[in-house]
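Worksheet: the structure to be examined is printed underneath.
The values are calculated or read from the model by the stated rules, or taken from the named source; none is laboratory data. If you're wondering where the values come from, they're calculated on a predicted model, not measured in any experiment. A quick note on method: Cβ atoms are made from the backbone with ideal geometry, for glycine too, and the neighbour counts reach across all protein chains shown.
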Amino acid sequence: MTVLLGITTVLLFIMGTAGVLLKRNPLVMFMSIELMLNAVNLGLMGISRATGIIDAQILVIFLITVAAVEVVVGLGIIVILFSDRDDVDVDNINLLKG
């Protein structure tokens, strides 16, 4: 069971990394980053279950809270980019530069 959970965690993280590196759409990149964060949470839960230490589960609760805040801020930025520009290619975005 623990080996299967570890394999699932690694596969989810690799899929998220591939999505960030290969796609140029900011929404897809954002979803891939969230997938990577959820893979880390899944891995921490597996480690916590395998070792019997509850501290990792408490850390996962805090990470889920941080992820919720990240979603709000990230989606706000993405909505502004979509509404102001016709082209949403990440390579062409320079609105946030000072």
Name the single residue that is modelled with the highest pLDDT among those in the stretch 71-83 being surrounded by 10 or more Cβ atoms within 10 Å (Cβ to Cβ) and more than 17 Å from Ile33 (Cβ to Cβ).
Ile80
Output for the stretch 25-52, where each listed residue is under 21 Å from Thr8 (Cα atoms) and over 11 Å from the mean Cα position of the chain (by Cα)
Leu42, Gly43, Leu44, Met45, Gly46, Ile47, Ser48, Arg49, Ala50, Thr51, Gly52
Looking at (1) surrounded by 15 or more Cβ atoms within 10 Å (Cβ to Cβ); (2) among the aliphatic types (A, V, I, L, M); (3) outside any helix (DSSP H, G or I), find the lone condition where Ile53 falls short.
(1)
